[in-house]
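Have a look at the structure below before the remarks.
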Amino acid sequence: MFALRRKAVESAGRLPAAAGRRSSPYSTAHPEKHGDHGHHHEGPKAESLGTQFFVVLAIVPLSLGVYAASRPSATGQPKGLSNFIGSYYNEYKERWEARNTLHTAALERAAFDRNLFQSTPGTKHVELRFPEIFNTGSPFNVSAGQGPRSMDSLVAHYEKQNADAEEKKAKVLAAKE
């Protein structure tokens, strides 16, 4: 270990003292100090304006020409470009008009139905589709006297109610004719 240390001290003594601490100038502000060595830079090149510039220059007269071709004549008749566009547009216009008419009719019908459903007063009475609904449920744990009941009177009541409703409908239809 001591032999290695002695060699390191001898090697360090041979190096100049300020070599490790000296900073090199990296500034590009002074090219004469930073390795210019007399080389000269080329002058500025002549750059072209590019294709975009010429495209923009070409678009200006073209747009003026299209504008002039789209204006109506002195008599008020549309020129060829307007006729060309109008021939294709009229077909779509008729198709859109038919579609919009159907949509408008459907929306008006939906609004009428919604108004009808929301303006009718609700009832708490629930019509029974079938009278046996009273006897549905578990057959187990039934209290005495609470088993299945006779539905004859209930069936007769609803049959009478339906017959009366049918008679009213028949009278209304007869009155219309």
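The values are calculated or read from the model by the stated rules, or taken from the named source; none is laboratory data. Since the model is a prediction, treat every value here as computed from it, not as a measurement. Reconstructed Cβ throughout: ideal geometry from the backbone, glycine too, with neighbour counts over all protein chains shown. Areas reflect the complete protein model, heavy atoms only, side chains present, ligands, DNA and RNA absent. Shrake-Rupley method; radii C 1.70, N 1.55, O 1.52, S 1.80 Å.
Remark: pairs (first residue in the range 46-71, closer than 19 Å to residue 83 by Cα and surrounded by 10 or more Cβ atoms within 10 Å (Cβ to Cβ); second residue at pLDDT 90 or above and of a type in the set (A, V, I, L, M, F, W, C); Cβ separation under 8 Å; 6+ apart in sequence or on different chains) are absent. Checking each residue in the range 72-99 for being of a type in the set (Ser, Thr, Tyr) and either more than 37 Å from the chain's Cα centre (by Cα) or surrounded by 10 or more Cβ atoms within 10 Å (Cβ to Cβ) (or both) picks out 73, 75, 82, 89.
Residues are listed down the side, and each one gets a yes or a no for (1) open to solvent by 100 Å² or more (accessible area, probe 1.4 Å); (2) assigned to a helix (DSSP H, G or I); (3) not hydroxyl-bearing (Ser, Thr, Tyr):
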residue	(1), (2), (3)
101	no, yes, no
108	yes, yes, yes
128	no, no, yes
137	no, no, yes
143	no, no, no
148	yes, no, yes
169	yes, yes, yes
